[in-house]
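Chemist: The structure is given below, and queries will be raised subsequently.
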Amino acid sequence: MTTLAQSVHLASVEAILAGGVFVTLMIGVFRGDRSLVPLTWVVVAIMALGGFYLGVVPAAGATGFGGLYIADGFSTFLKVLILGAAAVSAVLALPYLRQSATARFEYPVLLLLSALGMCMMVSANDLLSLYVGLELQSLAAYVLAAFHRNEAKSSEAGLKYFVLGALASGILLYGISLIYGFTGTTSFTALHAVVRGHGASDIGVLFGLVFILSGIAFKIAAVPFHMWTPDVYEGAPTPVAAFFASAPKAAAMGLLLRVAIDAFGGMTFDWRQIVTFVSIASMLLGAVGAIGQVNIKRLLAYSSINNVGFALIGLAAGTREGVTGVLFYLAVYLAMTLGSFLCVLQMRGIDGEPIETLASLSGLSRTRPWLAAGFAIFMFSLAGIPPLLGFWPKFAVFQAAMDAHLYVLAVVGVVASVIGAYYYLRVINSVYFADPAPTFAPADSRTNSALIVVAAVFCSPIGMLAITPLVAAAAHAAAALL
Amino acid sequence: MVRAASVPVSFPILSLIVLLPLVAAFWVLLAPGSEDARAANARITALVVTLIELALGVVLWVSFDTSTAAFQFVERIDLFAPFLSWHLGIDGIALMLIVLSTFLMPFCILASWDSIQKRVPEYMAAFLLMETLMIGVFASLDLFLFYVFFEGGLIPMYLIIGIWGGARRIYASYKFFLYTLLGSVLMLLAMIYMVSVAHTTDIPTLLTFNFDPEVQTWLWLAFFASFAVKMPMWPVHTWLPDAHVEAPTAGSVILAGVLLKMGGYGFVRFSLPMFPDASVELMWLVFGLSIVAVVYTSLVALVQSDMKKLIAYSSIAHMAFVTAGLFVFNTQGIEGSLLMMLSHGLVSGALFLCVGVIYDRLHTREIARYGGLANNMPRYALFFMLFTMASVGLPATSGFVAEFLVLLGTFAASTWLAVGMTTGIILGAAYMLYLYRRVIFGTQDNPEVLAMTDLNPREIITLVPIALAVLWMGIYPTSFLTPLHAPVANLLARLHHAAPPVQKVMPATAKGPAK
């Protein structure tokens, strides 16, 4: 048993983030909305400090808070991704918020609160700490979705997200109670032993598992729990959509991996069927659903559904290679998605109004050639065309699936990737092939331009040099789980 | 490049030839200046770099040891572990295709000198990138590195067709991209399976690895899906006419000259030596499709009213010769097929350049709009005739040697196959001569055609070297066949060891002299 001090030391990252939330909230309350810019950078600094402590605190699978919390290589890897994506989401919003007259200081604070929830999610070692982390993240996210409170669309997105999210949380809680009822425990460590023993044959445990997986599938926007995604992405302010598509996906996916492989490792056969179905359905629906979209944010929403399907292939494999593949996938996916949204944020007409329809992107390659080139890199990378980096995570999960003899899943996956390529090509088509239309406003933020350049270089073939260290880190993280 | 210390260090010429155009592409894109200055810089850089590439290709050819089938100029760095490594090396077959690629590129740049006026730096960068990827395909000795280059070629070609193409370019570019991609991803799964069984991505090792014959069939079919589309074979050829018609001239040259050869190269490098049992088992599938392709696409070519479409269909017919020759499992057939790939690369490239010449003047590809060009464009008529004859297979041109060898080979395997293929030659003569008659001879009723000027010096510089190469290959093919002997013999030994296809061939061969 660890003492409270030891536990807090173990959870330094969360402690720093939690302290940061209080401090920034206080500053915001007293200084008002003009503190938005400095607060954003303070939040980024807090996240960086948290990231620094990740390296300081030993993460060798030690548990704290009476077994509710675990810090291992797996959680460390995901926390790096989460903090990075959350920090980028905070910075990229600045020009947007300044222009849209909702420059309120709560934005970075809510992001920080959400990041805290996500860090707790990936460090959860108990169904209850899992739920607390998930809810903390979600509640902050509901508010963010409705951040443009004077706009009907944004309020609608927030409300929709909240109602459906609450339903999913209810389903999750119901599953947790079933599991507790049938096994007598909520701790992952204990569940692992129980399920391996006799629990696997218990129909009640199976029901609980299905409910829990459904609840988490809602959070990662996997089919058939994806319905909220396009509406929320379209309605929410663009920086918020960028955030939703990045960090929470990584956190919920990490959570799913830990629940499936750690807690219910003895029921691999049972959950593999569910994951395979969800994966195939997400890949196909994400690919087909995107074809008819005319709004770029909705298209990216379907793209995220599609990508979640691919990442789930690695989980379906259930092997260490599979988990490595998923983690590698998440790392690259975050860069591609944030890069795409950064580009979308830059697409504004000459009067500064945001341009979101696909048809009005024509001429982008003439007025903003570098932005167009970056966007093309992200699209080809999301489509998974080698030698762009986006191909390699797909490759990794397909390799894991083939090694696990999941041939049908792999074949469906590659076919879905070809269907998916079509709508990414449609974007390229608008940007490059169509005849020029209205001109675009010039870049408005050096920071955002620099972020686009970094993400584009990472997703370009040059990023292939990052394969070796990234996969090694992902494999190290996966080793903590399996 | 960083080189591992354990590898015996020699000059990394293959890395240089692969990466030089890539670096040049970046320079072309990033160069500062006004629009005109950037365009001029792009044109000159592209031309200089492609000429350096040609020189490097010649250096490779000259210093190549033709006595061995082993891979030469091998370089290896485990740069992208655990997925793949930077592993390059060439044998005689790859050498000749690299020489072909580097030979055609400068002419592509020259052909685009005046005809491309919009977004010149991007255009030249796309072509330089294309060169990197094409040479990379032929020089890869790592399974996934090959795949990366093979598939990566889609992006620049998609942009070339989509941005600088004709009226229906968007449809054509989608079709090109998605058709090829669907074939390739199935091959990718087969590759992943192979690696999971053989535990290596090293092509030389995989060449000698014996896969379970049951599995071989599936792997063969997956590779076939990719190469048949790329080749292209009937009935998955429909993307090619569209892509050719809409692509700019230089795009068509590269498409016909080199990209189609990737399919044939894939068969020689992967399907035949890695899955010998399946190759034997499924050879009649290839023969059947080839015969249909030869006859059907030749007939289709006969009724085309669009010049580029006609040549595109003739390409499909010629590629059917290649596939038929590859799967007869004898020296003449395979060497003939390889020579056919080289010859067709030159001839179809030159034909597209010829079409480009008159398209630049009249801006139409409709055959009916032309006629009587022999009067006002005599030099053009001469060159066009030479390449038409080479396409038909007139002796002393490259086409003859290739077609003759393939027919020898197919006759040894099956008389019926040879009969089918010969039909293709006759029909080929018909549609090419018909095209020539309609464009070059006849009366001139169109005053615009009468006003067309003969070849300018730039166009002559573009066509003369290809004409000389076509004649060289026709008169003294030994220069081109010598590097192919050792790898083909090696390939046949591999096929012989794994399965007895030769026995099927033997009685037919005995029949050979008796005819």
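Chemist: Over all directions, the average projected area of the alpha-carbon convex hull for segment A:214-360 comes to how many nm²?
Modeler: Details: hull surface 32.8 nm².
That works out to 8.2 nm², a quarter of the Cα hull's surface.
Chemist: Can you report the principal axis dimensions of segment A:199-249 using only the alpha carbons, biggest first, rounded to whole angstrom?
Modeler: Principal-axis extents of the Cα atoms in segment A:199-249, largest first: 46, 19, 11 Å.
Chemist: Go ahead and run the numbers for FRET between A:V415 and B:T238, Cβ-Cβ distance against an R0 of 22 Å, rounding to 0.05.
Modeler: Efficiency, rounded to the nearest 0.05: 0.70.
Chemist: Would you order A:E106, B:E448 from fewest to most other beta-carbon atoms within 10 Å of each residue's own beta-carbon?
Modeler: Details: A:E106 20, B:E448 13.
The order, fewest Cβ neighbours first, is B:E448, A:E106.
Chemist: Further, regarding this structure: What is the local net charge at B:R38, summed over the other residues whose Cβ is closer than 13 Å to its Cβ (Lys, Arg +1; Asp, Glu -1)?
Modeler: Numbers: positive: B:R43, B:K118, B:R119; negative: B:E35, B:D36, B:E122.
Once positives and negatives cancel, what remains is 0.
Chemist: Is there a quick way to get the dipole size of segment A:346-482? I mean about its Cα centre, with the Cβ of Lys and Arg at +1 and of Asp and Glu at -1; what is the value in debye to the nearest 20?
Modeler: Working: 6 positive and 6 negative charges, 36 e Å.
Dipole of segment A:346-482, to the nearest 20 debye: 180 debye.
Chemist: Cα centroid distance between segment A:213-279 and segment A:381-413, in Å?
Modeler: 19
Chemist: Which shape class applies to segment A:274-332: rounded if a/c is under 1.5, otherwise prolate when a/b exceeds b/c and oblate if not, where a ≥ b ≥ c are the square roots of the Cα gyration tensor eigenvalues? Each step should come with its number before you reach the end.
Modeler: Numbers: a/c = 4.60, a/b = 1.86, b/c = 2.48.
Oblate, since a/c reaches 1.5 and b/c is not below a/b.
Chemist: Over the Cα atoms of segment B:241-350, each weighted equally, I'd like the Debye log10 I(q)/I(0) at q = 0.14 Å⁻¹, rounded to two decimals.
Modeler: -0.56
Chemist: May I pose another question? Do the sum for chain B: with -39,500 (n - 2.57) for every DSSP H run of n ≥ 4, divided by all residues, what is the mean residue ellipticity at 222 nm, to the nearest 500 deg cm²/dmol? It would help to have the intermediate numbers written out before the result.
Modeler: Values: 24 runs with 378 residues, N = 515.
Helix-only estimate at 222 nm: -24500 deg cm²/dmol.
Chemist: For a quick size check, give me the Cα extents of segment B:391-436 along its three principal axes, largest first, whole Å.
Modeler: 34, 20, 8
Chemist: Next question. Step by step: find N for the protein assembly as shown, compute 2.2 N^0.38 Å, then divide the Cα radius of gyration by it. What's the final number? Could the numbers behind the result be given before it?
Modeler: On the way: Rg = 30.7 Å, N = 997, 2.2 N^0.38 = 30.3 Å.
So the protein assembly as shown has a normalised radius of gyration of 1.01.
Chemist: Further question on the same structure: For chain A, count all C-alpha to C-alpha pairs, find those more than 44 Å apart, and express that count as a whole percent of the total.
Modeler: Values: 9582 of 115921 pairs.
Taking all Cα-Cα pairs of chain A, the fraction more than 44 Å apart is 8 percent.
Chemist: Ok, one more. Quick check: the angle from helix A:247-257's long axis to the longest principal axis of chain A, C-alpha only, nearest 10 degrees?
Modeler: Helix A:247-257 and the main axis of chain A meet at about 30 degrees.
Chemist: If a/c stays under 1.5 just call it rounded; otherwise compare a/b with b/c (prolate if a/b is bigger, oblate if not). Do that for segment B:374-505, with a ≥ b ≥ c from the square roots of the Cα gyration tensor eigenvalues.
Modeler: Values: a/c = 4.37, a/b = 2.03, b/c = 2.16.
Note, shape of segment B:374-505 comes out oblate.
Chemist: Percent of alpha carbon pairs in segment A:50-189 separated by more than 22 Å?
Modeler: Working: 4704 of 9730 pairs.
Counting every Cα pair in segment A:50-189, those more than 22 Å apart make up 48 percent.
Chemist: Can you give the extra length, in nm with one decimal, that the chain gains between A:F207 and A:F277 once fully stretched, where that is 0.36 nm per residue apart less the Cα-Cα distance?
Modeler: Details: separation 70, 0.36 × 70 = 25.20 nm, distance 1.66 nm.
The A:F207-A:F277 span can extend by a further 23.5 nm.
Chemist: Among A:M47, A:L345, A:M379, which residue has its Cα positioned farthest towards the positive end of the charge dipole of the protein assembly as shown, with +1 placed on the Cβ of Lys and Arg, -1 on the Cβ of Asp and Glu, and the dipole taken about the Cα centre?
Modeler: Result: A:L345.
Chemist: Anything in chain B that counts as a DSSP H helix reaching 18 Å or more along its axis (C-alpha) with Kyte-Doolittle mean of at least 1.0? List them, would you?
Modeler: On the way: long enough: B:13-30 (25 Å, 2.85); B:35-62 (40 Å, 1.22); B:92-111 (29 Å, 2.43); B:120-139 (28 Å, 1.50); B:169-198 (42 Å, 1.47); B:213-230 (25 Å, 0.78); B:283-302 (28 Å, 2.20); B:307-326 (29 Å, 0.98); B:331-362 (46 Å, 1.08); B:378-392 (21 Å, 1.25); B:398-413 (23 Å, 1.74); B:415-440 (37 Å, 1.12); B:457-475 (27 Å, 1.58); B:478-498 (31 Å, 0.49); B:501-514 (21 Å, -0.11).
Membrane-span-like by this criterion, though nothing is claimed about a membrane: B:13-30, B:35-62, B:92-111, B:120-139, B:169-198, B:283-302, B:331-362, B:378-392, B:398-413, B:415-440, B:457-475.
Chemist: While we're on this one: Using only the alpha-carbon atoms of segment B:305-384 as identical scatterers, what base-10 log of I(q)/I(0) does the Debye formula give at q = 0.12, 0.24 Å⁻¹?
Modeler: Here the Debye-derived log intensity ratios amount to -0.45, -1.08.
Chemist: Sticking with this one: Could you tell me, in Å, what Rg and Dmax come out for the Cα atoms of segment B:162-216?
Modeler: Taking only Cα atoms of segment B:162-216, I get Rg and Dmax of 17.4, 49 Å.
Chemist: OK, next. Quick check: convex hull over the Cα atoms of segment B:330-431, volume per residue in Å³, rounded to an integer? Let's see the in-between values first.
Modeler: Values: hull volume 9.9 nm³, N = 102.
In segment B:330-431, the Cα hull volume divided by residue count equals 97 Å³.
Chemist: Follow-up question, since we're still on this one. Mind listing P(r) for chain B? All alpha-carbon pairs, 10 Å bins, whole percents.
Modeler: Per 10 Å bin, starting at zero, the Cα-Cα P(r) for chain B comes out as 4, 20, 31, 27, 13, 4, 1, 0 percent.
Chemist: While we're here: Using Cα atoms only, what is the angle between the long axis of helix A:268-291 and the major principal axis of chain A, expressed in degrees (0 to 90) to the nearest 10?
Modeler: The two axes meet at around 10 degrees.
Chemist: Between segment B:312-358 and segment B:8-57, what is the C-alpha centre distance in whole Å?
Modeler: When both Cα centres are located, 29 Å separates them.
Chemist: Can I ask one more? For segment A:100-106, take each phi angle, set θ = phi - 60°, evaluate the Karplus expression 6.51 cos²θ - 1.76 cosθ + 1.60, and give the result in whole Hz per residue in order, putting x for glycine and proline.
Modeler: 8, 6, 10, 6, 9, 6, 5
Chemist: Return the calculated 222 nm mean residue ellipticity for chain A, to the nearest 500 deg cm²/dmol, obtained by summing -39500 (n - 2.57) across DSSP H runs with n ≥ 4 and dividing by the residue count. Spell out each step's value before the answer.
Modeler: On the way: 22 runs with 352 residues, N = 482.
Computed ellipticity for chain A at 222 nm equals -24000 deg cm²/dmol.
Chemist: Next question. Can you give the FRET efficiency to the nearest 0.05 for B:W284 and B:F11, using r as the Cβ-Cβ distance and R₀ = 45 Å?
Modeler: Values: r = 46 Å, r/R0 = 1.03.
About 0.45, to the nearest 0.05.
Chemist: At q = 0.11, 0.16 Å⁻¹, what is the log10 ratio I(q)/I(0) for segment B:116-268, with the Debye formula run over Cα points and no solvent?
Modeler: Ignoring solvent entirely, the Cα scatterers give -0.44, -0.85.
Chemist: Can you give me the orientation-averaged projected area of the convex hull built on the Cα atoms of segment B:32-163, in nm²? Each step should come with its number before you reach the end.
Modeler: On the way: hull surface 36.1 nm².
Averaged projected area of segment B:32-163's Cα convex hull equals 9.0 nm².
Chemist: For segment A:4-109, what value does the Rg/Rh ratio take when both radii are computed over Cα atoms and Rh is the Kirkwood radius, given to two decimals? Before the final figure, lay out the partial values.
Modeler: On the way: Rg = 15.6 Å, Rh = 14.8 Å.
Result: Rg/Rh = 1.06.
Chemist: Tally Lys/Arg at +1 and Asp/Glu at -1 over every other residue whose Cβ is under 13 Å from the Cβ of B:R168; what's the total? Before the final figure, lay out the partial values.
Modeler: Working: positive: B:R169, B:K175, B:K308, B:K309, B:R365; negative: B:D242, B:E246, B:D306.
Once all neighbours under 13 Å are counted, the net charge is +2.
Chemist: Report the net charge of residues surrounding A:W41, where surrounding means a beta-carbon distance below 15 angstrom and charges are Lys +1, Arg +1, Asp -1, Glu -1. Don't skip to the answer; put the middle values down first.
Modeler: On the way: positive: A:R31, A:R34, A:R98, A:R446; negative: none.
Cβ neighbours under 15 Å give a net charge of +4.
Chemist: What whole-number volume per residue, in cubic angstrom, does the convex hull of the C-alpha atoms of segment A:338-478 give? Display every interim value, and only then the final one.
Modeler: Numbers: hull volume 16.2 nm³, N = 141.
Per-residue hull volume (Cα only) is 115 Å³.
Chemist: Let me ask another. B:R438 to B:W472: FRET efficiency via 1/(1 + (r/R0)^6), r the Cβ-Cβ distance, R0 41 Å, to the nearest 0.05?
Modeler: Details: r = 30 Å, r/R0 = 0.73.
With a Förster radius of 41 Å, E is 0.85.
Chemist: State whether segment A:328-401 is rounded, prolate or oblate according to the following rule on the C-alpha gyration tensor (a ≥ b ≥ c being the square roots of its eigenvalues): a/c under 1.5 gives rounded; otherwise a/b larger than b/c gives prolate, and the remaining case gives oblate.
Modeler: On the way: a/c = 3.23, a/b = 2.46, b/c = 1.31.
Here segment A:328-401 falls in the prolate category.
Chemist: Here's a follow-up. On a 0 to 90 degree scale, rounded to 10, what angle separates helix A:36-56 from the longest Cα axis of chain A?
Modeler: The two axes meet at around 40 degrees.
Chemist: Also: What size of dipole, in debye to the nearest 20, comes out for the protein assembly as shown about its Cα centre when the only charges are +1 on Lys and Arg C-beta atoms and -1 on Asp and Glu C-beta atoms? Provide the component values of the computation, followed by the final result.
Modeler: Numbers: 47 positive and 48 negative charges, 170 e Å.
So the dipole magnitude of the protein assembly as shown works out to roughly 820 debye.
Chemist: Grab the Cα-Cα distance for A:A48 and A:D351, subtract it from 0.36 nm times how many residues apart they are, and report the gain in nm with one decimal.
Modeler: Details: separation 303, 0.36 × 303 = 109.08 nm, distance 3.56 nm.
Using 0.36 nm per residue and subtracting the Cα-Cα distance, I get 105.5 nm.
Chemist: Take the eigenvalues of the Cα gyration tensor for segment A:427-482, scale each by 5, and report the square roots as semi-axes in whole Å, largest first.
Modeler: Numbers: eigenvalues 261, 47, 22 Å².
Square roots of five times the eigenvalues give 36, 15, 10 Å.
Chemist: Here is a follow-up. Once the Cα gyration tensor of segment A:111-249 is diagonalised, what are the square roots of 5 times its eigenvalues, in whole Å and ordered largest first, as equivalent ellipsoid semi-axes? Each step should come with its number before you reach the end.
Modeler: Working: eigenvalues 197, 44, 23 Å².
Computed over segment A:111-249, the values are 31, 15, 11 Å.
Chemist: Something else now. Fewest to most neighbouring Cβ within 10 Å: what's the order for A:I82, B:I426, A:I212? Mind showing how you got there, number by number?
Modeler: Details: A:I82 33, B:I426 10, A:I212 27.
With the fewest neighbours first, A:I82, B:I426, A:I212 line up as B:I426, A:I212, A:I82.
Chemist: Semi-axes of segment B:107-160's equivalent ellipsoid from the Cα gyration tensor, sqrt of 5 times each eigenvalue, largest first, rounded to whole Å?
Modeler: On the way: eigenvalues 130, 23, 8 Å².
They are 25, 11, 6 Å, listed largest first.
Here, each number is a calculation from the coordinates, and none is a lab measurement. All values derive from a computational prediction rather than experimental measurement. We place every Cβ from the backbone using ideal geometry, glycine too, and count neighbours over all the protein chains shown.
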